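A.B. asks: Right, I'll just put the structure down here and ask away after.
The values are calculated or read from the model by the stated rules, or taken from the named source; none is laboratory data. Every value quoted in this text rests on a predicted model; they were computed, and no experiment measured them. Don't worry about glycine lacking a Cβ; one is built from the backbone with ideal geometry, like all the others, and counts go over all protein chains shown. Just the protein is used for accessible areas: all its heavy atoms, side chains included, with ligands, DNA and RNA removed. Shrake-Rupley method; radii C 1.70, N 1.55, O 1.52, S 1.80 Å.
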Amino acid sequence: MVFSITSAQLDAWLAAFMYPLARLLGIMMTAPIFSNRGMSVRLRLAIGLGIAVAVLPAAPPMPDIAPGSGIGLVILGQQVFIGAAIGFTIRLIFAAIDVAGSFIGMQMGLSFALFFDPNSGGQSAVLADFMSMVAALFFLSLDGHLILVELVVRSFEWLPVGTGLQGQGWSFIPRAGAAVFSTGFLLSLPMLAVLIVTNAAMGVLTRASPQLNLFAVGFPVTMMTGFFAFTLLMSNLGPVFHNLFERGFDAVPVLLEALTPVPEDPNP
């Protein structure tokens, strides 16, 4: 018995595998946990291939376009951008947590405590890195990585492969990024309020007793008060992180809906 495979069948098999893989690899580039620089490129590629194989049975039919053709390469590029946009939407939650940690560390006097962060490729505050690490562990404990994979599978229903993208939909990402600073500020607001009151009390004490050395007394008091308040804050951050991650997951279908082109009315 001789098995023959036509070029049309080969193109259909490649399309069914390459288009979902391109979207998954886009997510691996930007999504938290998956885009960690401690994870090698080969490992990320292997994870993407494994998820793509698992996604194939649940994915809708792919367009009958050869991935090596001009249109196929354009579709592959679109899938990479869509996956990167999904991962970046979740990444914004971690960016807001980093901003909150930077605000708190600066107010506590820890702005000088910086070290090289391999994940961001630059210097970052110690407190911001600690909060980001706690958020990553909480993300894993909530099965956030599995929810992200589920969102990828459902994204092929919300925004099928081969559908044109609406240019105005990309403005959703800058609008979501603008909320990073406001979210980070609101997250750090309890700590900032405590530290501002502490600094105001130290100012009144220095005014009442001019011979008191503000730098010798005020800095340790601010640090101790900050660490005590930060301990209380960390014990109540679970529901806050849970709410932030839910908002990030809910933003993914909104993003895909914004990218979906609006069909033209045949009867204007």
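A.B. asks: Calculated from DSSP H runs of 4 or more alone, at -39500 (n - 2.57) each and per residue, what is the 222 nm mean residue ellipticity of the chain, nearest 500? Spell out each step's value before the answer.
C.D. replies: Values: 8 runs with 190 residues, N = 268.
One gets -25000 deg cm²/dmol as the mean residue ellipticity at 222 nm.
A.B. asks: Give the separation of the Cα centroids, the range 185-204 to the range 9-26, in Å.
C.D. replies: So the two Cα centres are separated by 53 Å.
A.B. asks: Percent of accessible area on the chain owned by carbon and sulfur, 1.4 Å probe? If you can, show how the numbers build up before the last one.
C.D. replies: On the way: 10310 of 14770 Å².
Whole-percent figure for carbon plus sulfur exposure: 70.
A.B. asks: What number comes out for accessible area per residue over the chain if the probe is 1.4 Å? Units Å², please.
C.D. replies: Result: 55 Å² of accessible area for each residue.
A.B. asks: Report the FRET efficiency, 1/(1 + (r/R0)^6), for Leu186 and Trp13, where r is their Cβ-Cβ distance and R0 is 45 Å, rounded to 0.05. Write down the numbers at each step before the final one.
C.D. replies: Numbers: r = 50 Å, r/R0 = 1.10.
So the FRET efficiency works out to roughly 0.35.
A.B. asks: If you don't mind, there's one more thing I want to ask. Taking a probe of 1.4 angstrom, what is the accessible area of His145 in Å², to the nearest 10?
C.D. replies: My reading of the accessible area for His145 is about 50 Å².
A.B. asks: Moving on. How high is the relative contact order of the chain, given as a whole-number percent (alpha carbon pairs under 8 Å, six or more residues apart)?
C.D. replies: Answer for the chain is 23 percent.
A.B. asks: Got a sec to turn the phi values of the range 68-85 into Karplus ³J(HN,Hα) couplings, 6.51 cos²θ - 1.76 cosθ + 1.60 with θ = phi - 60°, whole Hz, x for Gly and Pro?
C.D. replies: Using θ = phi - 60°, the values come out as x, 7, x, 5, x, 5, 5, 5, 4, x, 4, 5, 5, 5, 5, x, 5, 5 Hz.
A.B. asks: Also, I was wondering about something else. Once both axes come from the Cα atoms, what is the angle between helix 126-141 and the longest principal axis of the chain, in degrees from 0 to 90, rounded to 10?
C.D. replies: 50 degrees
A.B. asks: From the phi of every residue in the range 38-51, what ³J(HN,Hα) in whole Hz does the Karplus formula 6.51 cos²θ - 1.76 cosθ + 1.60 yield, where θ is phi - 60° and glycine or proline is x?
C.D. replies: Calculated HN-Hα couplings, in order: x, 8, 5, 5, 5, 5, 5, 5, 5, 5, x, 5, x, 5 Hz.
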